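J.: For reference, the structure I am asking about is given below.
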Amino acid sequence: MVTEGIGMAIKGVLKEELENSIRMQEKYEEELEKLPVGSLIKKKIKGHEYYYIVMREKGKVKFVYKGKEVTDALVEEYTRAKELRAKYRKLLSQVKKQVKFLKGALRGQESI
């Protein structure tokens, strides 16, 4: 009887943790969608520097010309976006593993 109560308490905690993890996963995915698409790069062509936004579109790499000079704000925006994208992808990967583990544990397939 006592072990049943403990088992139910553990299952309750795992369910709550699973719900929190799923919410976190959705939040990270939303934050990734808010970031600007692509990366800002500088190409040197025949001694001149040009700025482009590089992105994937339908499986192909696409370059969008931004000009010979870009504002510091644009450079900062894409630098920050690159850092945040890496951070959110890492967190998203971790939370997906956690969700998978918790679902398995709730089905009784993972040892707690």
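Coordinate-derived values only; no laboratory data. Values in this document were obtained by computation on a predicted structure and should not be read as measured data. All Cβ positions, even for glycine, are placed from backbone atoms using ideal geometry, and neighbour counts span all protein chains on display.
J.: Under the Karplus relation 6.51 cos²θ - 1.76 cosθ + 1.60, θ = phi - 60°, what is the ordered set of whole-Hz ³J(HN,Hα) values for region 37-43, x standing for Gly and Pro?
T.: Karplus-based 3J(HN,Hα) across region 37-43 equals 6, x, 10, 8, 10, 10, 10 Hz.
J.: Looking at 61, 88, 12, which one has the Cα that reaches farthest to the positive end of the dipole of region 2-107 (charges on Cβ: Lys, Arg +1; Asp, Glu -1)?
T.: Looking along the dipole axis, the top candidate is 61.
J.: Mind putting a number on the dipole of the chain about its Cα centre? Charges go on the C-beta only, +1 for Lys and Arg and -1 for Asp and Glu, and I need it in Debye to the nearest 20. List each step's numbers first, then the result.
T.: Numbers: 26 positive and 17 negative charges, 164 e Å.
In total the dipole reaches around 780 debye.
J.: Over the chain, what is the mean sequence separation of C-alpha contacts under 8 Å (at least six apart), divided by residue count, expressed as relative contact order in percent?
T.: On the way: 96 pairs, mean separation 33.4, N = 112.
Once divided by the residue count of the chain, the mean separation gives 30 percent.
J.: Residue by residue through region 60-66, which ³J(HN,Hα) values in whole Hz follow from phi under the Karplus form 6.51 cos²θ - 1.76 cosθ + 1.60 (θ = phi - 60°), with glycine and proline marked x?
T.: Ordered by residue, 3J(HN,Hα) equals 10, 7, 10, 10, 10, 5, 10 Hz.
J.: How large, in Å, is the chain by the Kirkwood hydrodynamic radius built from its alpha-carbon pairs? Could you put the intermediate results ahead of the total?
T.: Numbers: mean 1/r = 0.0572 Å⁻¹.
Final number for the Kirkwood radius of the chain is 17.5 Å.
J.: Full extension from residue 16 to residue 44: what is 0.36 nm times the residue separation minus their Cα-Cα distance, to one decimal in nm? Kindly include the intermediate steps, with their values, before the conclusion.
T.: Numbers: separation 28, 0.36 × 28 = 10.08 nm, distance 5.32 nm.
Taking 0.36 nm per residue and subtracting the Cα distance, the gain is 4.8 nm.
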